[in-house]
Amino acid sequence: MNKNRDNELARYLAGEMSMKEEITFRKSLERDPRQLNDLHMMEQTWKHFDKGGRQDHSDSVAAWNKLRHRMEQDGLLGKQASAVKENRLLPYMRVAAAILLIIAIGVPSIYFGFIRNQGSNGEFSQLAESGMRTVDLPDGSRVFLNEGAGIQYPANFVHQRDIQLDGEAFFEVMADPMNPFTVRSGKVVVSVLGTSFNVKTLPRSDEVEVFVQSGAVRMSVDPINSHMTLKPGEVGKSSRNELTRESQKDPNYLSWKTKEFKFVETDLKEVLLELEESYHVRIHSETAELSDMKITTSYSEQSIDAILETIGTAFGLKVSLREDGYYLSN
């Protein structure tokens, strides 16, 4: 996003736009679903801070400091940034939160999910309702939730690193030998100390997949406690209480998170299915010749619109966007 768009976002969130300006601003974002998703998350975060009162001041300060530390580590803040003293923080919290969101969203592939709901049992829950969502946990670990995925974890997570997962998520775990990190999905339990891995519950089945990118994880099944240790590049699968392993050879296995794609003489139908799953869109074809088309290409952090335009150009197809998704036609 450019500076003008950043200023527009800040004005929109602060309620400084007229009704006509708001309508024009929203319409300007409709051409880019990712920007609309960014704006939605920012609006929810703004409401979250706006609802906070004095009783939430200490929590807000802690959250601010944790967010600032993470952003410094990721290189999102300059070296000259200095910590804001607690007694001066509250008046600027809402504006600062929006500015930080704008800065963060300006970096490709980084989405911040701040909305945290606390249940009556003392657990926190996070849900990726639309698109991918990034969650920073209290221990410094990070979770990337695929669309529709959700997690629950205890309020004292730093001392009890136990997460319940529904759906698919990628984990970057901070090392802590005294407190193992545990992910539970269905009957499968994944235990680690510090590593990065992906856990996926397959739809409409009891099968769970665990892919290890770095480090090692222990995958087990409750209550029979059968287990195995997975190393980088391996995928463990659980089906009907049985565990199997295999090497991961699909270059697009984590494309939903990375938005990196590689296709070699791949059927165009298969390419479109991969894009649908990664961008959570529908792609329809109005040409019967699609089954005979193959493509060799790669994409890196491009929008779905840009990718489909290149595909359309390569095969002489027209690309149009309608209410129920994208259409490819002769």
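Yes/no matrix, rows are residues, columns are (1) in the same structural domain as P180 (by TED's automatic domain parsing); (2) without any contact (Cβ under 8 Å) to a residue 40 or more places away in the chain:
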position: V212; (1), (2): yes, yes
position: N225; (1), (2): yes, yes
position: E234; (1), (2): yes, yes
position: E265; (1), (2): no, yes
position: L273; (1), (2): no, yes
position: V281; (1), (2): no, no
position: E301; (1), (2): no, no
position: D324; (1), (2): no, no
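Condition (residue is over 24 Å from L230 (Cβ atoms) and under 14 Å from the mean Cα position of the chain (by Cα)) applied to segment 192-200: is it met by at least one residue?
No, there is no match, as no residue in segment 192-200 is over 24 Å from L230 (Cβ atoms) and under 14 Å from the mean Cα position of the chain (by Cα).
May I ask you to list the residues in segment 308-325 that are among the acidic types (D, E) and loosely packed, with under 12 Cβ neighbours inside 10 Å?
E323, D324
State all residues of segment 172-201 that are farther than 13 Å from G215 by Cα and of a type in the set (S, T, Y); if no residue qualifies, say none.
Once the filter is applied, which keeps residues that are farther than 13 Å from G215 by Cα and of a type in the set (S, T, Y), segment 172-201 yields T182, S185, T201.
Among the residues of segment 256-276, write down those that are in contact with a strand residue (DSSP E or B) (Cβ under 7 Å, 6 or more places away or on another chain) and under 17 Å from E172 (Cβ atoms).
K257, E260
With respect to G106, is the statement that it is surrounded by fewer than 19 Cβ atoms within 10 Å (Cβ to Cβ), of a type outside the set (D, E, K, R) and at pLDDT below 90 true?
When the stated conditions are applied, G106 passes them.
Any idea which residue in segment 192-225 is modelled with the lowest pLDDT, counting only those that are among the polar types (S, T, N, Q) and crowded, with 16+ Cβ neighbours inside 10 Å?
T201
Evaluate segment 312-324: report whether one residue or more is among the hydrophobic types (A, V, I, L, M, F, W, C), within 22 Å of the chain's Cα centre (by Cα) and not in a strand (DSSP E or B).
no
Just a yes or no: is a residue in segment 258-265 among the acidic types (D, E) and at pLDDT 95 or above?
yes
The values are calculated or read from the model by the stated rules, or taken from the named source; none is laboratory data. All of these numbers come straight from a predicted model, not from anything done at the bench. Positions of Cβ are backbone-derived with ideal geometry, glycine not excepted, and every protein chain shown enters the neighbour counts.
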